[in-house]
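*Asks:* Here it is: the structure, laid out below.
The values are calculated or read from the model by the stated rules, or taken from the named source; none is laboratory data. In this text, all values refer to a predicted model and were calculated from it rather than measured experimentally. Neighbour counts are summed over all protein chains in view; Cβ atoms, including those assigned to glycine, are modelled from backbone coordinates with ideal geometry. All accessible areas refer to the heavy atoms of the entire protein, side chains included, with ligands and DNA or RNA removed. Shrake-Rupley method; radii C 1.70, N 1.55, O 1.52, S 1.80 Å.
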Amino acid sequence: MPLDWIANPNPALLCLIIAFASPLITVVLGVWRPAWTGPVAIATAAAAFGSVLWATSRHDASVNTAWAESFALRFHLEMDGLAQLYALLATGIGLMVVIYASAYLPRHLAHHHRDASEMPRFFGFLLLFMAAMIGLVMAQDAILLFLFWDLTAIASFFLIGYDREEEESRSSALMALIITGVSAVLVLIGSLILFRELGTFSVPEMIATGSTDDTVGVAVGLICIGALAKSAQVPFHFWLPRAMAAPTPVSAYLHSAAMVAAGVFLVGRFYPLVARFDWLLDALLVVGFTSMAVGGVIALTRDVLKQVLAYSTISQYGYVVAMFGLGKDYGVAGATFYVIAHALVKSALFLTAGAVTEATGCKVLSGVGGLGRPMPLLAFGSGLAAGGLIALPLTVGFFKDELFFAAAYERGMPFAVLSVIGAALTFAYIARLWIGMFLGPVRAASSSIPWRLVAPVVVLGVLTVVWGIGSGPLFTVAESAASVSANANIEISAAYHLDLRHENVMAIATWGLGIVLLLSQPLWRPAALALAELGERVGPEQIYERSLAALEYGSDAIHRYEVRDLRSRVATILAPAGALVGLAVIVTPNSDAFVIGEIRRQDLPVFTMLIAAAFAAVAVAVPRDHLRIVITMSGVGFSLAVIYAFMGAPDVALVAVLVETILSIFFLGMLLLMPRSILRFETRRRAEGPGVRRDAFLAAVAAVMAFFVVWGALSRPSPSTTLIDRQTELTPLAHGKDIVTVILADFRGFDTFGEICVITLVLLGVMSLIRRGRMR
């Protein structure tokens, strides 16, 4: 490593290195000494948080270097305003969650009768998610962004399914992976379309083009769909409540400040492109307000503590999406500030739910109550956080609602009314949750819990008030992030005003309507329960379950056919491949795609050998005797070797002769080793009629497919020599005398290295199964 880099490290790159070193160090030391896992995880998370704080204070926190020049990809990281906001949330809230988890996880494992050796796996994936988030928010290249995006999905899969011995955990993890993974493909497709239309993968360069082409709008729409699925917005919201099967620290981190925040981050990153299309802004409005209503109403009907908070998260991120849809300065500024406030208070409430369950052994709201007396510190910290979420004065949440109301009122009275109703739902379900846990009669005895299960809640609750009184630092961070999303300078002017301006009137109306909803539960609860039940019966989750069942049925049917024999397995490959090629030929413009050239006199030797190779290939299917099959099949290879010689490639011809000779000897050796009885049986056996027809059909499909692919490739060779020129230029750098040598030595060598790695991993897996006695 260069000494000058050590003396003056790049802040962005250092953040990423420290972040990805955190899970590695934690897992290695945790496997060596399981008791060290928690303290090491706290130390590495603190180091990541410290590196982000340092990077946010530097103006040179960026790195931009070529990654894959042939594909116009760059390793471009930048700690801009938007990255600062989400990186601080990912590491700051992450540190609090790791402290909490260091006390929670040993108790969780003990409840499930599991060994402490499983702790490194949990903290490893939690810190890996944190690292992926840091990379995601700093990435300025669309493909680099997509790689980090997918890494968050992988890490979340293992975190949600941490209790892998439970069916609910496994199915919930799979659901989250499918919904966020499939939608991630839309992000990739959108990025590729943008590259085709705008000629770059760089997000800042995409924004600078100023394009308003409809195709660009469709591409950005696909990216928004992937983002909304990640943020659990309607109709993709159903995976989030199921993900509550994860341990509480996972819910507190992923589902309040990290995973669902990644979705709205992506909207914010591409928002300068989104804002150019009114139909996209209208779609965000519809999805946002619908999510607010669906999440809010269902949260009022749930009894499981974490379920209430899960549907609350759906509703709260509906606010953010709706504010992006409202647009203008208030909308964009409000969306960014809302993410900060929500992460702060919601993570505290998730941690509170976990602490209450640990203390009482009860997971439902109806089974707890009166815990404010035996657990005053927890009640105090969570009460401050709850006050922040329902936007009481002197809390950071007051300003999030003020900005939301200002954006809605600026758009029109209907939106102002909808915003008040949505905020009133928040007041009702959060007040119901906190009052149900800490006030009223004691319904369940509570035991003492470690201070690390309470301290993070108190710290987050106190910060809710501290930053509600002095919100300057948060406004600075939010202004910087909003300026990136709006691609213009944005200033947030929010303060306490003792007058009847419309934001204050809307806030007072919210609290009044929230109290009415809270006190009138017997009146509306049956209707809310009926609505929630209707959604469970005919909602998107049912569509997901039935689609998954249909895919599994189809997969099982194909598998049963595939494993019957080798020909069936080949059929499952060739038939779809032929269908795809045929579809491509039909839908692709074919003007000048297939050119018929002339056969000249000097081409006759090559043409003759091509006919010979074709006849040899067909003749292989005629004889029944195995020796004749081997000899006839070798005729194909030797014919091709002669063609290579005629084409002026004697070295390739020599290799082809050598390979064909070795293969023929190998087949003959195998025939000598096989029992004569089996060979005689196979020789006398006659193929059945349906099998012959199937094989003939597949052979025809494969032949037509290969014919069109080769014909199309040779008819329209690429006129560009850019790649060839570049390879010629780089050949001396690889210490090769010609391009072919370099390709064989470098690319084929690298490919072979990859194959060796795959074989090694397979062998390690087989060895582990043999050692554990799980081979069948």
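*Asks:* Calculate, for the range 532-631, the solvent-accessible area per residue in square angstrom, rolling a 1.4 angstrom probe over the heavy atoms of the protein chains.
*Replies:* Ligands and nucleic acids excluded, the result is 76 Å² per residue.
*Asks:* Here's a follow-up. In degrees, nearest 10, range 0 to 90: what is the angle between the Cα axis of helix 521-538 and the longest Cα principal axis of the chain?
*Replies:* So the helix axis and the longest Cα principal axis differ by about 0 degrees.
*Asks:* Still on this structure, I have one more. Suppose the Debye formula is applied to equal point scatterers at every Cα of the chain; what is log10 I(q)/I(0) at q = 0.08, 0.09 Å⁻¹?
*Replies:* With one equal scatterer per Cα and no solvent, log10 I(q)/I(0) is -0.80, -0.95.
*Asks:* Follow-up. Which GluC sites (Glu not before Pro) does the range 477-550 hold that lie in a coil by DSSP with at most 11 other beta carbons within 10 Å?
*Replies:* Here the GluC sites (Glu not before Pro) that fit, given the DSSP loop and packing criteria, are 491.
*Asks:* Counting only residues 5 or more places away or on other chains, whose amide H sits under 5 Å from the amide H of residue 73 once H atoms are built in the peptide plane?
*Replies:* 67, 68
*Asks:* Ratio to report: Rg/Rh of the range 312-461, with Cα atoms as the point set and Rh obtained by the Kirkwood method; give two decimals.
*Replies:* Reported Rg/Rh, Kirkwood definition of Rh: 1.04.
*Asks:* Please compute the Kirkwood hydrodynamic radius over the range 266-360, one decimal place, Å, based on all pairs of different Cα atoms. Could the numbers behind the result be given before it?
*Replies:* Working: mean 1/r = 0.0704 Å⁻¹.
Across the range 266-360, the inverse of the average 1/r is 14.2 Å.
*Asks:* While we're here: For the pairs 363/400; 230/400; 306/346; 306/400, flag any whose C-alpha to C-alpha distance is greater than 18 Å.
*Replies:* 363/400; 230/400; 306/400
*Asks:* Right, here's the next one. At a 1.4 Å probe radius, carbon and sulfur cover how many percent of the accessible area of the chain?
*Replies:* 69
*Asks:* From Cα pairs below 8 angstrom and at least 6 apart in sequence, can you work out the relative contact order of the range 323-422, rounded to a whole percent?
*Replies:* So the answer I get is 36 percent.
*Asks:* Amide H to amide H, which residues 5 or more places from residue 444 or on other chains are under 5 Å from it, using H placed in the peptide plane?
*Replies:* Counting only residues 5 or more places away or on other chains, the set is 369.
*Asks:* Against the longest alpha carbon principal axis of the chain, how many degrees, from 0 to 90 and to the nearest 10, is the axis of helix 119-138 turned?
*Replies:* 90
*Asks:* Work out the charge dipole of the chain with +1 on the Cβ of Lys and Arg and -1 on the Cβ of Asp and Glu about the Cα centre, then indicate which of 765, 17, 728 is farthest towards its positive end.
*Replies:* Of the options given, the answer is 765.
*Asks:* Mind checking the log10 I(q)/I(0) for the range 142-281 at q = 0.09, 0.20 Å⁻¹? Debye, one equal scatterer per Cα, no solvent, two decimals.
*Replies:* Here log10 of I(q) over I(0) equals -0.28, -1.07.
*Asks:* Hey, another quick one. With just the Cα atoms of the range 174-214, tell me how far they stretch along each of the three principal axes, in Å, largest first.
*Replies:* 39, 19, 13
*Asks:* Are there any trypsin sites (Lys or Arg not before Pro) in the range 1-110 that are in a DSSP loop and have at most 13 other Cβ atoms within 10 Å? List them by number.
*Replies:* Working: sites: 58, 74, 107; in loops: 58.
Listed in order of number, the matching sites are 58.
*Asks:* Please give the helix 604-619 orientation as an angle from the longest Cα principal axis of the chain, in degrees from 0 to 90, rounded to the nearest 10.
*Replies:* Once rounded, the angle reads 70 degrees.
*Asks:* Convex hull over the alpha-carbon atoms of the range 621-680: what's its volume per residue in Å³? Mind dumping the intermediate values first?
*Replies:* Details: hull volume 3.5 nm³, N = 60.
Cα-based convex hull of the range 621-680, divided per residue, equals 58 Å³.
*Asks:* Now for a separate question. Quick check: convex hull over the Cα atoms of the range 1-155, volume per residue in Å³, rounded to an integer?
*Replies:* So the per-residue hull volume is 122 Å³.
*Asks:* On to the next question. In Å², what does the accessible area per residue of the range 339-422 work out to with a 1.4 Å probe?
*Replies:* 28
*Asks:* Which of the GluC sites (Glu not before Pro) found in the range 120-221 are loop residues per DSSP with 11 or fewer other Cβ atoms within 10 Å of their Cβ? Kindly include the intermediate steps, with their values, before the conclusion.
*Replies:* Values: sites: 165, 166, 167, 168, 197, 205; in loops: 165, 166.
Those that pass, being in a loop and sparsely packed, are 165.
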